[in-house]
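Report on the following structure.
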Amino acid sequence: MITNRKPKILVVDDQPINIKLLQRTLERQNMEILVAYNGRECLNIVKQDLPDLILLDIMMPEIDGIETCKRLKANPTTEAIPIILITAKASKEGKLEGLNAGAVDYITKPIDLDETLARVRTQLRLQDIFRENLELQTRLSGVRKSAAVGAITQGITHNLNNLLGAAVGYLNLIKNGYDSPDMVKRSVMLMDNAINRMVDIIRQLGTLTNNERIELSTQSIVYLLNNSVDRLKNEHEVPALVSLDLQLDESTTIAANPEIFEIILVKLLINAWESYAKGTADADRTINLTARISRDNGPAMLEVKVIDCGAGIDPEVTDTLFEPFITSKTSVGRGMGLTISRHTIRNLEGEITLKPNANNGVTATMTHPL
């Protein structure tokens with residue numbers, strides 16, 4: 001039961017005697033009662049004063065209880081209000097009609113006041129549990145955000161310090177070895193690499209904190225996939241042989257941001273490439289890229305899979321793989337790729353998952369709304 005205030009119950013019935021009976025019974029239980037004599041009055045009342053529960057008669061003139069229930073459930077403001085239908089019909093078909101319209105329970109006429117009170121109390125308790133769960137989720141979300149910020153801050157400090165130390169070290173080597181052109185050239189190259197990684201970390205952090213709306217446009221799925229493979233080879237100089245398996249019509253399009261789509265997919269392709277042990281020949285680093293339209297869970301989604309036969313997921317990072325700066329690579333300044341990719345795709349209501357294959361390697365799955 002709600003503890004801070006009286007539970008507010010809206011009773012809707014075109015028979016005044018039924019309203020009076022329910023009103024007196026519920027008011028004795030310290031509940032506040034709102035009254036409506038038809039569906040239209042009910043809809044008008046909830047616009048002004050949201051109840052915790054609605055007792056709704058089915059047989060009413062103008063707008064009956066089923067239609068009223070449907071309208072309440074179609075409105076985002078009122079869809080969560082539990083509705084108990086009151087009916088003289090005890091048939092299975094009649095009950096199913098009301099439950100399909102969004103009602104949570106039924107009371108049959110003639111009304112049994114003890115049964116009605118028990119059903120009302122049950123729904124109010126469920127509402128209390130629902131509210132407590134929402135509050136708990138909000139608190140947990142805050143804890144997760146704080147933990148993520150802490151992990152990112154710690155990771156950035158650690159990585160930037162290491163990279164800065166490396167850059168200073170190479171600078172000292174240049175100062176002390178200015179008479180050795182080869183050593184100077186190599187130190188400059190390594191220092192440039194360290195600085196670029198520092199810049200990349202800062203740029204990635206900017207991506208995490210950017211909550212601006214992402215602009216979408218109609219794009220060919222085949223074009224996006226092929227362009228991602230081209231970027232992998234040309235921009236990142238990865239000589240991968242990517243096998244493309246299209247399980248969709250080549251003319252299929254998607255509402256996407258091409259830059260973001262390709263950056264995310266390229267990150268997954270690079271992970272697949274780097275999953276192979278050092279020394280593995282380029283021809284043996286197989287990467288399979290599949291694309292299909294999935295209708296398995298809810299709305300249709302584009303499902304892209306990047307499948308490798310590499311070393312698989314390190315057991316030490318399995319549970320924390322998408323946390324910032326978690327990586328199995330030994331080089332400094334890594335570990336943000338999957339974090340950024342999942343964060344970005346979730347902003348677009350998509351997802352990224354990684355699962356080990358039955359034999360060896362990993363399948364990275366990216367879903368993107370059509």
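The values are calculated or read from the model by the stated rules, or taken from the named source; none is laboratory data. Because the structure is a prediction, the values reported are computed rather than measured. Cβ sites come from the backbone with ideal geometry, for glycine too, and all protein chains shown count toward neighbours.
Has the stretch 262-283 got at least one residue that is in a strand (DSSP E or B), over 23 Å from R346 (Cβ atoms) and modelled with pLDDT of 85 or more? Please lay out each step first, then the result.
Within the stretch 262-283, the subset in a strand (DSSP E or B) is none.
No, that holds for no residue.
With respect to the stated conditions, V120 fails to be in contact with a Pro (Cβ under 6 Å, 6 or more places away or on another chain) and either surrounded by 14 or more Cβ atoms within 10 Å (Cβ to Cβ) or more than 24 Å from L50 (Cα to Cα) (or both). The set of residues in the stretch 97-142 being closer than 22 Å to D14 by Cβ, in contact with a Leu (Cβ under 8 Å, 6 or more places away or on another chain) and polar (S, T, N, Q) consists of T116 alone. Checked against the criterion of being under 26 Å from I129 (Cα atoms), in a helix (DSSP H, G or I) and among the polar types (S, T, N, Q), the candidates T77, T25 yield just one match: T25. Scanning the stretch 252-291 for residues that are among the acidic types (D, E) and either farther than 23 Å from Q219 by Cβ or not assigned by TED's automatic domain parsing to the domain that holds L370 (or both) gives E274, D282, D284.
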